[in-house]
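What follows is a set of notes on a single structure, which appears directly below.
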Amino acid sequence: MQRHDLNPIELALAFRALAEGGATQEEIGTRVALDRSTVANHLRLLELGRDLQADVEHGRLSVGHAKALLQIQNPEQRRQLRDRIVAQELSVRAAEEAARSLASGGPRKTRAAPSSPSDPNLGRLVDALRERLKTRVRVAGAASGRGQIEIEFYGSGELDRISRIILEGM
């Protein structure tokens, strides 16, 4: 008997069974008419905890979201990002960016925004904003006493979340 509506986790389990039977990823791909990389990506889904696998099985997370979560080694951070993806309905691209940020220990650094502003108080402010808002924050032009604070967001859901955090103190 065969089913055509297997979810990604069921496919991954089937691929693992074939691999345990001695088949290579390339051979599995040929047998099921998929690229070897697709087989490998499905097998990687089995590295997720059972709760996150259930999210993929039930469609709460896409395979793309799950692959983004695999970038994060810390289970608690992985769970927090999962919650954020679901609550804010983050796109896969936004989830990947957030995962890269968490995996690297914080927002990526850019030439336009040095990692530590020359003013230590300003550096502490930027760090506090990043931590509180859970997104990339940059300060530009502050050396002259004037400048801009830039807060990145990756969709309307995230903008709403950041706005609520900022405005709740007003």
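Data for the structure
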{"item": "Amide H within-cut-off set for V139, under 5 Å, with H built and near neighbours excluded", "result": "E150"}
{"item": "FRET E, pair N7, S104, Förster distance 41 Å, beta-carbon r, rounded to 0.05", "result": "0.85"}
{"item": "Assigned charges on the beta-carbon of Lys, Arg, Asp, Glu; the chain dipole about Cα centre (debye)", "result": "560 debye"}
{"item": "Per-residue Cβ neighbour rank within 10 angstrom, fewest leading, R82, R164", "result": "R164, R82"}
{"item": "Dipole magnitude of the range 1-85 about its Cα centre (Cβ charges: Lys, Arg +1; Asp, Glu -1), debye to nearest 20", "result": "200 debye"}
{"item": "Computed label-point distance, nm, for sites N74 and D160 using a 7 Å Cα→Cβ extension", "result": "2.8 nm"}
{"item": "Highest-fluctuation residue, R130, R36, R60 considered, GNM on the chain with Cα pairs under 10 Å", "result": "R36"}
{"item": "Amide H within-cut-off set for L61, under 5 Å, with H built and near neighbours excluded", "result": "V56"}
{"item": "Scattering profile of the chain at q = 0.20 Å⁻¹ [log10 I(q)/I(0), Debye over alpha-carbon scatterers]", "result": "-1.27"}
{"item": "Potential lengthening between V92 and L125 on full extension [0.36 nm per residue; Cα-Cα distance subtracted]", "result": "8.9 nm"}
{"item": "Note, ³J(HN,Hα) from phi for the range 146-152, Karplus 6.51, -1.76, 1.60, rounded to Hz, x at Gly and Pro", "result": "10, x, 9, 9, 10, 10, 8"}
{"item": "Ellipsoid semi-axes in whole angstrom, largest first, where each is sqrt(5λ) of the Cα gyration tensor of the range 120-167", "result": "21, 11, 8"}
{"item": "Separation between Cα centres of the range 45-60 and the range 1-37, rounded to whole Å", "result": "17 Å"}
{"item": "Percentage relative contact order, the chain, counting C-alpha pairs under 8 Å, at least six apart", "result": "14 percent"}
{"item": "Relative contact order %, the range 8-103, counting alpha carbon pairs below 8 Å whose residues are six or more apart", "result": "24 percent"}
{"item": "Relative contact order, percent, the range 120-167 [alpha-carbon distance under 8 Å, six or more residues apart]", "result": "25 percent"}
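Any read-out appearing in this document is the output of simple, stated calculations on the displayed coordinates, not a laboratory observation. Model, not experiment: these values are computed from the prediction. Positions of Cβ are generated from backbone atoms using ideal geometry, with glycine treated the same way; all protein chains shown enter the neighbour counts.
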